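Notes to accompany the following structure.
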Amino acid sequence: MLPVELVESATRAAFERYGSALLQYGEPQGFAPFLKASETLLNARGVECDENQTFVSTGGSGGLNNIAMAILEPGRTVLVERPTYTPAMAVFRGYGANVVEVDTDQDGLRPEALADKSVRYPGAVLYVLPTFQNPTGRTMPADRRADIAEVIRRFGTLAIEDDVYADLRFRGEPVRSLYSHAPDNVVYLTSMSKTVAPALRLGIATMPPKLLDAVLRLKPGIDMQTSTLPRRSVPRSSARAGSPTMWRGSSRRMAPNSAC
Ligand SMILES: Cc1ncc(COP(=O)(O)O)c(C=O)c1O
């Protein structure tokens, strides 16, 4: 299931091209060709952005930590779905945040419940998983995303959209990201862990440029940079790396009976 040969040949090709630079420190924001390759993938999900908005993170978890460090201070509230991805709550609490659950239904986060909590906790950040939510597996339909986007715009809320499972779709049509409904209010996080290989520790995070500046000032103190080797190998591995086609190929490999 894991693309051993692809990663092997990509790494070899990257060493032939970059030599020892592959084992050196690199840029905190990310390797430019990788960022370029990521654009194809992001655009397909309705995440329109330029190079001042995206950085390569150490997996989705690393990206979440980078962002949490930049935006949270003790006492700030983070609104989360009930239930949500437990490790994220630990990260938010690690920065002293007050984590508050918001009611959900079969379509995910309830807009009225979010509005109520936004009144009660001014300045709160929202953490939301609209596609293949962990742990419920639910996907928020497009009209619900539009309603949630209206609430976050109304309250000036910053939302973190954690979208690591988007390309693990075996049937049905993809639903455009929450980011596509409210680009000024949403930080979009995704990762190659579920579609290429988790050990690569490659994530992609897109956000308003001012926030990216703050994140990149802090990132060297957390992990200096995301590892140079996978960042330079993956886009070289094929022109398709980071493209929806390659990612869909991965989910097809994982489909129980290849019926996607
Ligand atoms: C919702 C969610 N976000 C983030 C992650 C972490 O992803 P990564 O392996 O890229 O750090 C996971 C992993 O299971 C997850 O379920």
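The values are calculated or read from the model by the stated rules, or taken from the named source; none is laboratory data. No experiment lies behind these values; they were computed from the predicted model shown. Every residue, glycine as well, gets a Cβ built from its backbone with ideal geometry; the counts of neighbours run over all protein chains shown.
State yes or no: is residue 26 within 15 Å of the ligand (Cβ to nearest atom), under 13 Å from residue 225 (Cα atoms) and in contact (Cβ under 8 Å) with a residue 12 or more places away in the chain? Here the answer is no, as residue 26 does not meet what is asked.
Annotation for segment 103-112: no member residue is more than 18 Å from the chain's Cα centre (by Cα), more than 16 Å from the ligand (Cβ to nearest atom) and crowded, with 21+ Cβ neighbours inside 10 Å.
Among (1) closer than 30 Å to residue 154 by Cα; (2) β-branched (Val, Ile, Thr); (3) surrounded by fewer than 19 Cβ atoms within 10 Å (Cβ to Cβ); (4) touching a Ser or Thr at 6+ places or on another chain (Cβ under 6 Å), where does residue 86 come up short? All conditions are met except number (4). Among the residues here, residue 121 does not qualify as under 15 Å from the mean Cα position of the chain (by Cα) and among the hydroxyl-bearing types (Ser, Thr, Tyr). Take the residues in segment 42-62 that are away from the ligand (no atom under 14 Å from the Cβ) and assigned to a helix (DSSP H, G or I), then tell me which one is farthest from residue 213 (Cα to Cα). So, considering only residues that are away from the ligand (no atom under 14 Å from the Cβ) and assigned to a helix (DSSP H, G or I), the one farthest from residue 213 (Cα to Cα) is 44. If you scan segment 63-88, which residues turn out to be part of a loop (DSSP other than H, G, I, E, B) and over 17 Å from the mean Cα position of the chain (by Cα)? The answer is 72, 73, 74, 75, 76, 82, 83. Are any of the residues in segment 207-225 among the aliphatic types (A, V, I, L, M), under 26 Å from residue 50 (Cβ atoms), modelled with pLDDT under 95 and within 16 Å of the ligand (Cβ to nearest atom)? Taking every residue of segment 207-225 in turn, at least one turns out to be among the aliphatic types (A, V, I, L, M), under 26 Å from residue 50 (Cβ atoms), modelled with pLDDT under 95 and within 16 Å of the ligand (Cβ to nearest atom). Summed over segment 151-166, residues that are within 14 Å of the ligand (Cβ to nearest atom) and charged (D, E, K, R) total 3.
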